[in-house]
1. How about the range 41-91: which trypsin sites (Lys or Arg not before Pro) there are in a DSSP loop, with at most 15 other Cβ atoms within 10 Å of their Cβ?
2. Name the most mobile residue of T150, T281, T175, meaning the one with the largest mean-square fluctuation, in a Gaussian network model of the chain with Cα contacts below 10 Å.
3. Excluding residues fewer than 8 places away in the same chain, name every one of the aspartates and glutamates whose C-alpha is closer than 19 Å to that of K232.
4. Give me the dipole magnitude in Debye, nearest 20, for the chain about the Cα centre, with unit charges on the beta carbon: positive for Lys and Arg, negative for Asp and Glu.
5. In the range 68-150, what GluC sites (Glu not before Pro) fall in a loop by DSSP, with at most 11 other Cβ atoms inside 10 Å?
6. Could you pull the Cα extents of the range 55-198 along its three principal axes, largest to smallest, in whole Å?
7. Roll a 1.4 angstrom probe over the protein heavy atoms and tell me the percent of accessible area of the chain that is carbon or sulfur.
8. Starting from 0 in steps of 10 Å, tell me what percent of the Cα-Cα pairs of the chain lands in each bin.
Amino acid sequence: MADQGIPKSVNFLFGGSAGMLATCFVQPLDVVKNRLQLSGEGGAPRLYNSSFDAIRAIYVKEGFNGLFAGLSAGLLRQATYTTTRLGIYTTLLDRVRARNQGENPNFASLLAIGLVAGGCGAVVGTPAEISLIRMCADGRLPKEQQRGYTNVFNALSRITKEEGIATLWRGCLPTVGRAMVVNAAQLGTYSRAKQMLLKTGYFRDNLFCHFNASMISGLVTTIASMPVDIVKTRLQNMKVVSGVPEYSGAINCFTRVIKVEGVFSLWKGFMPYYFRLGPHTVLTFIFLEFFIKTYKKTKGIEGSSGGL
C-alpha cells in the first residue's frame, strides 16, 4: 500500500489497548500513589512513612489483592482516557507530518498536540478516574467508613444513584488540567527525546531507545503534573457531609494543602508516582510502537519503521 496513514479507529484502538496492558503491570504503584497523596490530609497523622511502608501495610491489612484494588477502574480509565488521548495524538501527529511532507513537527507543535489530546481524553475518562481514586483509597479506612464498591461498574452505578450523575465529573477541571500537563510533557517530551536520542547515532529505533525516551518523558511529566494530580485526587475522593463538601473547589484544595501540610506536600508520593508513571509510559509506548509497526508491516504501509 502506498498510503502512509493509519485509520483513526486503529489509532484509537491501539492507544487504549497499550494503556490497558501497561496498567495490568503497574496498578499496585497507582494504589500506593493514591494512598500516599491522601495520607495526612487536613493535618491528620500520616498513615505511611514511605512507599515501602505503604506496600507492606497494604499487603498485611488487605492481602495481595489489596495491591490491585481498583484494577477494573484502571482498565476502564485506560479504555476511555488513553484510547482518546493517544488516538487523537497519533491522528494529529500523522496529519502534521503529512502537511510537512513526512518531517516531524517542532517541539511547540508536539506540546500543542499533547495539550489538545490530553484535555479531550480527560473529559471522557473522568468517571472512570473518580471510580479508580475511590477504589484505591477505600482500604485505608475502617470497615464502617468504606464505600465498598465491588467493581468499576458498581462504583459508577452507586455514585450516580447516591450522589447524582454530575458527581461522575467532580474534579473534572483539575483532571483536565492534569491531563493537559501530563500529555504536553509526556507525549511531547517522549517524541522529542526519541528524536534526540536517534540523532546522537548511539541509538536505533528499537526497544532500548523507546525505554530511555520513556524514562526521560516520565521524569519530566512527574515533576510537572504532581501538584495538579494531588488536588484532583483529594477532590475526587472527598465526602460531602450534611451537604457540605470538604473542599469548595480546586483552588481551595490547593491552598489548604500548602497551608496545612506544606508546599512540598504537593509532591507527596513522588517516588511511587514516578515509578508508576515511568514504567507505565515505557510499557504503553512499547506496546503502542509494537502495534503500529506490526500493523504497518502487515498492511505493507510505507515507513513501517516509524511509530510515534
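The values are calculated or read from the model by the stated rules, or taken from the named source; none is laboratory data. If you're wondering where the values come from, they're calculated on a predicted model, not measured in any experiment. Every residue, glycine as well, gets a Cβ built from its backbone with ideal geometry; the counts of neighbours run over all protein chains shown. The protein model used for the area step is the full one, side chains on, heavy atoms only, and it has no ligands, DNA or RNA in it. Shrake-Rupley method; radii C 1.70, N 1.55, O 1.52, S 1.80 Å.
1. Values: sites: R46, R56, K61, R77, R85; in loops: R46.
The qualifying sites are R46.
2. Per the Cα network of the chain with a 10 Å cutoff, T150 tops the list.
3. Straight-line reach from K232, under 19 Å: D30, E41, E129, D138, E163, E246, E261.
4. Working: 34 positive and 18 negative charges, 15 e Å.
About 80 debye.
5. Working: sites: E103, E129, E144; in loops: E103.
Counting only loop positions with at most 11 other Cβ atoms within 10 Å, the GluC sites (Glu not before Pro) in the range 68-150 are E103.
6. 61, 36, 20
7. Values: 9110 of 13990 Å².
In the chain, the share of accessible area belonging to carbon and sulfur is 65 percent.
8. 6, 27, 34, 20, 10, 2, 0
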